[in-house]
């Protein structure tokens, strides 16, 4: 059993028996002996012994009975009467309260551990251990991959190599990384507008060829840049056409808004063909002028002139023009 140093304690002793083995109920405290670390002595004068039941007594030990650290034994010295001894280990108050009563914590002062000033010696020992094992290179000291500290087969030295004075992982260290030949799958909606920043996005490039190439070259040799330039040129043409269409007077074309008069039409024809009012011309010149005006197709076979529609295939009519006459057919 355990006792707290210099602290009073009551405990049960007995049974105390006489020579015939009968329980003795009238034993006195003076018959008790207190042996401290082998030194036999009397109980403290304030200690008491009170019978409780069938030869068992409650011994109320004074604090002085436990004033010595170590082993304390209580025994009986009473003629032919007998009692089993009661043995205690007396512990310092801090140890007893920490291990037995649970009301305190063990004193583990660092100075007691190292035997001198904890702040200086322990810190120095830790620093020395970090340096000795090259752990200071993780955060505090420069790590030169071209001149690695420690042994070459140490874990950090095996997975790091020199890249122009900068540390980088070796190919072996990364060989279990995702297989880029089959691509990396992204979860649905992994790239959202909130996560994608156009201003910092890295340009899309690919050294792949064929169906897996990101920026593929078309069958005609056009790249994405070529297509972009062509689209820009088409945009210029569309802008020009839009401007031309905007300038067309639809009402005038329908004859509902300031349609040209006959005199204006004749004046325009004369200007287009180069004729002069009251002048003369040949039939061939006339036909050429009409062709220029109609933008159609005319074929000549002898005196026969055949007029075709805009498609150049559908015949509209044929004129047989001889000297001084013209006969439609």
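Key figures
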| quantity | calculated |
| --- | --- |
| Net lengthening on full extension, residue 87/residue 236 (0.36 nm per residue, minus Cα-Cα) | 42.6 nm |
| Label point 7 Å beyond Cα of residue 19 along Cβ direction - residues of segment 60-85 with amide nitrogen under 15 Å | 78-82 |
| Extension reserve of the residue 229-residue 106 stretch, reckoned as 0.36 nm per residue once the Cα distance is removed | 36.1 nm |
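Any read-out appearing in this document is the output of simple, stated calculations on the displayed coordinates, not a laboratory observation. Keep in mind that what you see is a predicted model, and the values were worked out from it rather than measured. With ideal geometry, Cβ positions are generated from the backbone for all residues, glycine too; neighbour counts draw on all protein chains shown.
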